[in-house]
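Undergrad: Quick one: structure below, then a few questions.
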Amino acid sequence: MHSRDELRTRSESLPPAWHPLSSGRRAIWPTDPDAGGTWIAVRDDGLSISLLNRNIPPNGRPEPTASRGGLIPDLIDLDTPERILAALAARDLAPVAPFRLLALDAQGRGGLVTWNGLALTEPDDMDPPMCLASSGLGDDKVMVRQPLFESTVAVEPTPRRQDAFHRHRWDDRPEVSVLMSRADARTVSITTVEIARGFDPVFRVEPLPAAEPWCDPVGARAAARRH
């Protein structure tokens, strides 16, 4: 599962759609209409790529000029996670802001790399379940989600517990919650991917309505004040 946090000024994403690939395969992803590209894609054989922004202190990196979201459509047609990560390592990433990219095959094999704006890490092997978190306030601010994940999902990684984790909010800390809400941004959707051998992946993006108290309390309070 993948929560998507965005600025309130950003356009709503286009719904998931299947795209033909040059290899003859297909892949499905939602599209960001502002910058193009996507934050998650899954191929018809179950290979997936997902990307999270990295929000870290200045480290001398240049100002970004290219969208991170364009990486996934460029890489999704490579046949294995290893080839995807190798192609990323060979790419000129200098114009791209920091990110983490996870590539997995249908059996959950793959790796995670991190780009800090200056260098790309070597791939880390994955041992699911795992939790990655980012925040425009600074990624260090949302490390509080990790113990919640360990107690909610890691002990019993069922769909029900994953769903509960992605809908969790601390009433006194909505700005760092998994179901995030703050004045300038909020969690706008939750993406779920289900992969079963012999079937196309099931890809769902659940939009979360703005200014609804259960998912956007800060927006709801602002709307109440306006009225």
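Undergrad: For ALA90 and ARG173, compute 0.36 nm times the residue count separating them, minus their Cα-Cα distance, and round to one decimal in nm. Each step should come with its number before you reach the end.
TA: Working: separation 83, 0.36 × 83 = 29.88 nm, distance 4.04 nm.
Full extension of this stretch gives 25.8 nm more.
Undergrad: Could you tell me how far the Cα centroid of region 1-66 sits from the Cα centroid of region 179-197, in Å?
TA: 13 Å
Undergrad: Could you work out how much longer the chain between VAL144 and GLU194 gets when fully extended? Use 0.36 nm per residue separation minus the Cα distance between them, nm to one decimal. Provide the component values of the computation, followed by the final result.
TA: On the way: separation 50, 0.36 × 50 = 18.00 nm, distance 2.70 nm.
Stretched fully, the VAL144-GLU194 segment lengthens by 15.3 nm.
Undergrad: With each label point set 7 Å from Cα along the Cα-Cβ vector, what nm distance links ASP163 and ASP125?
TA: Going by the 7 Å Cα→Cβ label model, 3.4 nm.
Undergrad: Translational D (Stokes-Einstein, µm²/s) of the chain at 37 °C and 0.692 mPa s when Rh comes from the Kirkwood sum over C-alpha pairs?
TA: Details: Rh = 18.4 Å.
Translational D for this selection: 179 µm²/s.
Undergrad: Calculate log10 I(q)/I(0) of region 28-73 for q = 0.24 Å⁻¹, where I(q) comes from the Debye formula with a single equal point scatterer on each Cα and nothing for solvent.
TA: For the requested q values the scattering log ratios are -0.90.
Undergrad: Rounded to two decimals, what is the ratio between the C-alpha radius of gyration of region 111-170 and 2.2 N^0.38 Å?
TA: Numbers: Rg = 13.4 Å, N = 60, 2.2 N^0.38 = 10.4 Å.
It is 1.29.
Undergrad: Which order do the peptides 115-128, 90-103, 53-66 come out in when sorted by mean C-beta neighbours inside 10 angstrom, highest first? Mind showing how you got there, number by number?
TA: Values: 115-128: 14.1, 90-103: 17.9, 53-66: 11.9.
In decreasing order of mean packing, 115-128, 90-103, 53-66 become 90-103, 115-128, 53-66.
Undergrad: Could you sort the peptides 42-51, 191-200 by per-residue average Cβ neighbour count (10 Å cutoff), highest mean leading?
TA: Numbers: 42-51: 22.4, 191-200: 13.3.
By packing density, highest mean first, the sequence is 42-51, 191-200.
Undergrad: On full extension of the chain, what length is gained from ALA35 through ARG109, given 0.36 nm per residue of separation minus the C-alpha to C-alpha distance? Walk me through the intermediate numbers first.
TA: Numbers: separation 74, 0.36 × 74 = 26.64 nm, distance 2.98 nm.
That works out to 23.7 nm of additional length.
Undergrad: In sequence order, what are the phi-derived ³J(HN,Hα) couplings for region 191-207 according to the Karplus relation 6.51 cos²θ - 1.76 cosθ + 1.60 with θ = phi - 60°, rounded to whole Hz, with x for glycine and proline?
TA: 9, 10, 10, 10, 10, 9, 4, x, 10, 4, x, 8, 10, 10, 10, 9, x
Undergrad: May I ask you to derive the FRET efficiency for ILE56 and GLU82 from their Cβ-Cβ distance with R0 = 30 Å, giving the value to the nearest 0.05?
TA: Details: r = 26 Å, r/R0 = 0.88.
Here the calculated transfer efficiency is 0.70.
Undergrad: May I pose another question? Where the only charges are on Cβ atoms (+1 Lys, Arg; -1 Asp, Glu), what is the dipole of the chain about its Cα centre, to the nearest 20 debye? Before the final figure, lay out the partial values.
TA: On the way: 27 positive and 32 negative charges, 126 e Å.
In total the dipole reaches around 600 debye.
Undergrad: Same structure, new question: Let me have the relative contact order for the chain, percent, based on Cα pairs under 8 Å that are six or more residues apart. Walk me through the numbers on the way to the answer.
TA: Values: 429 pairs, mean separation 44.4, N = 227.
Dividing the mean separation by the residue count of the chain yields 20 percent.
Undergrad: Which of PRO98, HIS166, ALA210 sits farthest toward the positive end of the charge dipole of region 94-217, with +1 on the Cβ of Lys and Arg and -1 on the Cβ of Asp and Glu?
TA: Of the candidates, ALA210 comes out farthest on the positive side.
Laboratory data are not the source of any read-out in this text; all were calculated from the coordinates shown. Just so we're clear, the structure is a prediction, and the values are computed from it rather than from any experiment. All Cβ positions, glycine included, derive from the backbone under ideal geometry; neighbour counts span all protein chains shown.
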